[in-house]
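Note sheet for the following structure.
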Amino acid sequence: MDEIEQIKEGIINLAKKHNLYNNIIKTDGKIVINRGSENPDFLFIGEAPGFTENKMGLPFVGRSGKIIDKWIENRIKSYGIINAVPVIPLSDDGRIRPPTKEEINYFRPIINKLIQKMNPKYIICVGKSASNFLTKEFKLCEWENNIGFIYHPSYYLRNGTDGMDDFKKLIEKVQPI
């Protein structure tokens, strides 16, 4: 078993020990770790799985994922996608909620290990919870070293756009199109 597979096993074991794991049992869902390359040029970090991701076991495969796929298409050859929290966070009434700082901090050491082992050239924080994972507030479409920030695709969906203009602004700063 290679090191990334060992880290993934560690994520699964850690997730099973957390209270959030009850959400997986209630929804007949899955722990969501990654999709795409495990040695990407660009690594997208989201906050946590949604309902579609929970069912499929992959990050960003629902409506928001289609937006990210559109951003990537013909612009980025090598990408990976992970979440700060690999388990769907649900409120008492069964709605998806943002992960808490405590939940992010619980998974932070092992997700950091995964990021280090994936060794991306660039990290794109997708949404505020992802930037909280890195414990820094970022400005839209700006880079600091190799880390950039863009709004979560659900923001663009709510506002009737695909976010492509913002994504192009972000990517053109490190990879002219």
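Tabulated results
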item: Filter result for Arg75 (closer than 26 Å to Trp143 by Cα, among the basic types (Lys, Arg), assigned to a loop (DSSP other than H, G, I, E, B) and touching a residue at least 40 places away in the same chain (Cβ under 8 Å)); result: yes
item: Lone qualifier among Ile45, Ile67, Ile115, Ile104 - being β-branched (Val, Ile, Thr), touching a residue at least 24 places away in the same chain (Cβ under 8 Å) and assigned to a strand (DSSP E or B); result: Ile45
item: Candidates Glu73, Glu47, filtered to the one that is closer than 17 Å to Gly127 by Cα and at pLDDT below 95; result: Glu47
item: Complete set of residues in region 145-170 that are among the aromatic types (Phe, Trp, Tyr) and under 12 Å from Ser64 (Cα atoms); result: Tyr151, Tyr155, Tyr156
item: Residue that is surrounded by the most Cβ atoms within 10 Å (Cβ to Cβ) [pool: residues in region 14-52 that are of a type in the set (D, E, K, R) and under 11 Å from the mean Cα position of the chain (by Cα)]; result: Glu47
item: Scope region 4-40; condition of a type in the set (Asp, Glu) and part of a helix (DSSP H, G or I); matching residues; result: Glu5, Glu9
item: Count of residues meeting criterion [among the charged types (D, E, K, R) and not in a loop (DSSP other than H, G, I, E, B)] in region 123-164; result: 3
item: Members of region 90-130 found to be surrounded by 20 or more Cβ atoms within 10 Å (Cβ to Cβ) and touching an Asp or Glu at 6+ places or on another chain (Cβ under 7 Å), listed by number; result: Pro99, Pro120, Tyr122, Gly127, Ser129, Ala130
item: Pro120 being assigned to a loop (DSSP other than H, G, I, E, B) and not basic (Lys, Arg); result: yes
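The values are calculated or read from the model by the stated rules, or taken from the named source; none is laboratory data. Note that the structure is predicted; figures quoted are calculated from it, not measured. In this analysis, Cβ positions are derived from the backbone assuming ideal geometry, glycine residues included, and neighbour counts consider all displayed protein chains.
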